[in-house]
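Asker: I am attaching a structure below and will ask some questions about it afterwards.
What follows is calculated from the coordinates using simple rules that are stated; it is not laboratory data. Bear in mind the structure is a predicted one, so any value in this text is a computation, not a measurement. Cβ atoms come from the backbone with ideal geometry, glycine included; neighbour counts cover every protein chain shown.
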Amino acid sequence: MKVSDDFKETLRLYPSVPFIARECNEPFTILGHEVPSGSLCLILPTELHHDPESFPEPEKFMPERFFPENSEGRHPYAYIPFSAGPRNCI
């Protein structure tokens, strides 16, 4: 086990930011709802990181979640402790 796996699991349980805000620059549809351009969208890392479909037993501290063999197939945006995309810190 790597120390980085412990850090990742800690940040999964306790993200560094409570939410990430983005202004939508074009309209889109999500789950049947129209979101117009200019809307403010909030991303809640805690909700993503505690989704049992991505992280079974989400309240349990399990650094092995981040072993390569256990990360396969996980959506790339299921884990975003510092944001994602071009504004990602690390």
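Asker: When ranked by the protection proxy of mean other Cβ atoms within 10 Å per residue, highest first, what sequence do the peptides 22-31, 49-58 form?
Answerer: Order by mean packing, descending: 49-58, 22-31.
Asker: Just want to confirm a number: the relative contact order over the chain, from Cα pairs under 8 angstrom separated by 6+ residues, in percent.
Answerer: Computed value for the chain: 33 percent relative contact order.
Asker: Now, a different point. Determine the dipole magnitude for the chain: charges of +1 sit on the beta-carbon of Lys and Arg, -1 on that of Asp and Glu, nothing else is charged, the reference point is the Cα centre, and the result goes in debye to the nearest 20.
Answerer: 280 debye
Asker: Compute the angle between helix 3-13 and the longest alpha-carbon principal axis of the chain, please, reported from 0 to 90 degrees and rounded to the nearest 10.
Answerer: 50 degrees
Asker: In the set (1) 1.27; (2) 1.02; (3) 1.18, which value of Rg/Rh (Cα atoms, Kirkwood Rh) was calculated from the structure you see?
Answerer: Given (1) 1.27; (2) 1.02; (3) 1.18, the structure-derived one carries the label (2).
Asker: Under the rule of -39500 (n - 2.57) per DSSP H run of 4 or more residues, summed and divided by the residues of the chain, what mean residue ellipticity at 222 nm is obtained, to the nearest 500 deg cm²/dmol?
Answerer: After summing the helix terms and dividing by the residues of the chain, the value is -5500 deg cm²/dmol.
Asker: If neighbour count is taken as other Cβ atoms inside 10 Å, put GLU34, GLU69 in order from fewest to most.
Answerer: GLU69, GLU34
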